[in-house]
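The block underneath contains the structure these notes are about, expressed in structure tokens.
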Amino acid sequence: MNSVDGSAITRRLARVRQFVADAAVDGLIVTHLPNIQYLTGFAGTAGALLVSPSKSRLIVDSRYVTAARALVSALPEGLVSIEPVVRSYDETIVETALREDGERIGIEAAHLTVARFNALSARLQLVPTERIVERVRMVKDASEVAIFREAARRLSAIARRLGEMAAAGLTEKEVAGRIEDAMRQGGFSRPAFDTIVASGPNSALPHASPTDRALQAGDPTVLDFGGVYSGYCVDLTRTVQLGGISGDMARLFAAVAEAQKAAIAAVRPGVRPSEVDGAARGVLERHGLGEAFGHGTGHGLGLEIHEEPRVGRPLAGLPDDPLVSGVVITVEPGAYVPGLGGVRIEDDVLVTSDGCEVLTDVPTFL
């Protein structure tokens, strides 16, 4: 279990309780494990949390009871209590809710299966809710920002060595192994996602998996990797050019670098994520590369590698709320041209009160 900041947990639960009240429910059943970790510090592989106006009860099975009790003992007294599972998680959820909560109980609609919803709703009046904990998680507190700064510093140190790790003659899989070894040696507990190494023609595939292809002189090679540090995910991409570069490839590099610079310049409180995306997309469109940029400009970072906000084109039904201080996003425009190659440049960016702070510190071209 991770050590936890009791004052941070107190503030997080208070903010979630306000959203629960706004949703007109008597409590919230939290089943998404990263949300449970955020609200309690508990990072097991199973669990549930019941949040009501005055209590928070962490439900865990026998594998975790002792560790969970030690964890909550470090929190302010009475902030979180432990409910051991007796027969099953769902039965314990129902019995705990019936004993102490009101009639209308919110559930995380995006994270609860239909089968489990049906089983719980046989005895509880369940109300689907959306994004209650996610909206709180999106704005990082001081302790989280400190972790991000240190994680980005460590990832940047690794990224500055990419030129030596991505050497001609090595296979994409071997390069990925080198990067992941460097992350473990650099203090990351694990990769945040499967490392992408896409060389030569594969660089035109935005999310190519590493293959047995050997890197060759003249290859553009997209290197997209990230690690988990103190529970939080950081993410970075650079495109390394092995040897000489053609004029067309140089123009592709320059266009993507210009697009990323424009997007980062747009990041500040009050700006919608879609506007950040539009800044990058507009540059690439002016260079005739609009169709070569098929993915979004970025995404939120946190306990998960993809969190809110989504930084992409505005889409009906998806949130596009203005950025606020404390949000951490990636800014990663790319352009991919079959027969030529692809370029993606990605950094991690913190929204500040008066603009933004680029957390990763790596030369654009390595």
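The values are calculated or read from the model by the stated rules, or taken from the named source; none is laboratory data. The structure presented is a predicted model; accordingly, all values stated were derived computationally and were not measured. No Cβ is skipped: glycine too gets one built from the backbone with ideal geometry, and neighbour counts run over all protein chains shown.
Among residues of the range 309-333 being in contact with a strand residue (DSSP E or B) (Cβ under 9 Å, 6 or more places away or on another chain), more than 18 Å from Val358 (Cα to Cα) and in contact (Cβ under 8 Å) with a residue 40 or more places away in the chain, the one that is surrounded by the fewest Cβ atoms within 10 Å (Cβ to Cβ) is Asp321. When Val86, Val51, Val65 are checked against the criterion of being in the same structural domain as Arg17 (by TED's automatic domain parsing) and modelled with pLDDT under 95, Val86 stands alone in meeting it.
Take the residues of the range 139-160 that are among the small types (Gly, Ala, Ser) and closer than 25 Å to Val240 by Cβ: which is surrounded by the fewest Cβ atoms within 10 Å (Cβ to Cβ)? Ranking the candidates gives Ala157 first. Note on the range 325-366: enclosed strands (runs of 3 or more DSSP E) holding 3 or more residues that are at pLDDT 95 or above and of a type outside the set (Gly, Ala, Ser) are 328-331, 347-352, 355-358. Of Ile105, Ile179, all but one fail to be outside any loop (DSSP other than H, G, I, E, B), crowded, with 20+ Cβ neighbours inside 10 Å and over 23 Å from the mean Cα position of the chain (by Cα); the exception is Ile105.
Here the range 11-41 is the region considered, the condition is being touching a helix residue (DSSP H, G or I) at 6+ places or on another chain (Cβ under 6 Å) and assigned to a loop (DSSP other than H, G, I, E, B), and the residue that is farthest from Arg99 (Cα to Cα) is Gly41.
Residues in the range 42-64 that are of a type outside the set (Gly, Ala, Ser) and more than 29 Å from Glu103 (Cβ to Cβ): Thr45, Arg63, Tyr64.
Can you find a residue in the range 331-348 that is among the aliphatic types (A, V, I, L, M) and over 24 Å from Ala250 (Cα atoms)? No, because not a single residue in the range 331-348 is among the aliphatic types (A, V, I, L, M) and over 24 Å from Ala250 (Cα atoms).
Filtered by the rule that a residue be among the hydroxyl-bearing types (Ser, Thr, Tyr), in contact (Cβ under 8 Å) with a residue 24 or more places away in the chain and over 19 Å from Arg15 (Cα atoms), the range 53-101 gives Tyr89, Thr92, Thr96. Has the range 25-34 got at least one residue that is among the small types (Gly, Ala, Ser) and under 28 Å from the mean Cα position of the chain (by Cα)? Checked the range 25-34: at least one residue is among the small types (Gly, Ala, Ser) and under 28 Å from the mean Cα position of the chain (by Cα). Pairs needed: first member in the range 127-138, farther than 22 Å from Gly102 by Cβ; second member anywhere, among the aromatic types (Phe, Trp, Tyr) and in a helix (DSSP H, G or I); C-beta distance under 9 Å; at least 6 residues apart or different chains. Close Cβ pairs satisfying both conditions: Arg135/Phe19; Arg137/Tyr38.
Taking only the range 128-138 into account, find how many residues are at negative phi, surrounded by fewer than 18 Cβ atoms within 10 Å (Cβ to Cβ) and not in a helix (DSSP H, G or I). Total satisfying the criteria: 2.
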